[in-house]
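See structure below.
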Amino acid sequence: MAEPLPDFVSRRRPQWEELSKLLEAQRSGSLKLLDLYVLDRLYRRASSDLARAQAFYPGTDAHRFLNQLCSTAYGAIYQPPRDRLAGLKDFYLRGFPCALREETRFLAASTALFSLGLLVGAAVVLFEPHGAELLVPAPLREAVAAKQMWTDSLLSVMPPGVAASHILTNNLTVTIATFAFGAAFGLGTAWLLLSNGVHLGSVVALCAREGMGYSLLSFVAAHGPVELSVIVISGAAGLMVGHALIEPGERTRAAFVKERSIKAVKLVVGCAPFLALIGVIEGYVSPGDLFPTPLKIALGLALGGLFWAYLCFAGREGHLLSRRGSGPG
């Protein structure tokens, strides 16, 4: 025997209203990833309520309301695939920079680890007599001792296009490894950030001590700011995964890790075109003397400034509007 209609409506109304609010958030673009699971669950329960209303309360306001609610939810959940080009454009205009700005604590932690490595590497070489032998590979030490930049022969060994392709592959490997090693509870990512920082810091310190600092600056100036930025962003993505494994909160570890991994992958994928650009610059502009050092420095500062201006401000207006739209009233 069916319960009285007022009792049925009173008992189920809170979940119907919650589903309506989530659908409104979906339309305004403020729906969060976690809300998708709730939206799906509430839609299934509302569909069950619709079936019950069709059987026991046909033609009532409750039946008509549920029919409209479920139709709206079905259209929102099972909407046709979006235009891929439009989706890609939205990802880079809003999704990627907004996702990074929401993870500033992990970006700060990644930057701190890499910077610590830089300081340790530089300090060991500058203050320990045999520090360079411990941290700097022998071929690099020999080149610095001979007052030769080991990068000068890059263009004579391979064409710029091949060099750019090789550099891009290497940069992608480092970026993906820094992110993927976050699966070791973040320890692998932390180690890679520290070790890369130590390596760079030791090489910089050795070149500076041996009077090769300007030559090194000439090579790294054009591509360095963006390349190092991508390393710390991939490090932030790896630390996000590691943190999710260690501290899942009230949710199951598997569900939380999946959710955080999806967002972390966005950060890594978002860096891909910038890595390609830097690979081209590192292959064509950075080596040799074709481009004067002041021009390389200016180019590196400009690219680094534009990159971080994009990350800090792109999509900010739309992001704020979405957050306002999801607020009270």
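Quick note: the coordinates plus some simple rules give every number you see, no bench work behind them. Note that this is a predicted model, so its numbers are computed, not measured. Glycine also receives a Cβ, built like all others from the backbone with ideal geometry; neighbour counts cover every protein chain displayed.
Miscellaneous remarks
- Dipole of the chain [Lys/Arg +1, Asp/Glu -1 at C-beta], most positive-end residue of Val226, Ser71, Leu33: Ser71
- If you bin all the Cα-Cα distances of the range 87-324 at 5 Å, starting from zero, the percentages per bin are 1, 7, 12, 15, 18, 17, 13, 8, 5, 3, 1, 0, 0.
- Pairwise label distance in nanometres, Ala302 with Asn67, each label 7 Å out on the Cα-Cβ vector: 6.4
- The HN-Hα couplings worked out from phi for the range 304-316 by the Karplus form 6.51 cos²θ - 1.76 cosθ + 1.60 (θ = phi - 60°) are x, x, 5, 4, 6, 5, 4, 5, 7, 10, 4, x, 5 Hz, whole numbers, x standing for Gly and Pro.
- For a straight C-alpha distance cut-off of 14 angstrom, the aspartates and glutamates reachable from Lys147 (same-chain residues fewer than eight places away being disregarded) are Glu210.
- At R0 = 41 Å, FRET efficiency that the Cβ-Cβ distance of Leu140 and Glu24 yields, to 0.05: 0.10
- In plain terms, the chain from Ala184 to Tyr78 could stretch by 34.6 nm, reckoned as 0.36 nm per residue minus the Cα-Cα distance.
- Sorted largest first, extent of the range 4-79 alpha carbons per principal axis (Å): 37, 22, 17
- Extension gain (nm, one decimal) between Ala123 and Arg41, 0.36 nm per residue minus Cα-Cα: 23.9 nm
- Coil-residue GluC sites (Glu not before Pro) of the range 237-322, DSSP, other Cβ within 10 Å capped at 10: Glu250
- When the GluC sites (Glu not before Pro) in the range 93-147 are filtered for DSSP coil states and for at most 14 other beta-carbon atoms within 10 Å of their beta-carbon, the remaining sites are Glu102.
- Note on the chain: helix-only mean residue ellipticity at 222 nm, from DSSP H runs of 4+ residues weighted -39500 (n - 2.57) and normalised by residue number, equals -26000 deg cm²/dmol.
- Proximal lysines to Lys266, defined as alpha-carbon separation beneath 22 angstrom and excluding residues fewer than eight positions away on the same chain: Lys32, Lys89, Lys258
- For the chain, the longest principal axis of the Cα atoms and the long axis of helix 224-246 meet at an angle of about 50 degrees.
- 10 Å Cβ shell holding at most 14 others, DSSP loop, trypsin sites (Lys or Arg not before Pro): longest site-free stretch of the chain: 148-250
- Note on the range 34-133: Cα-only Rg and Dmax are 27.4, 89 Å.
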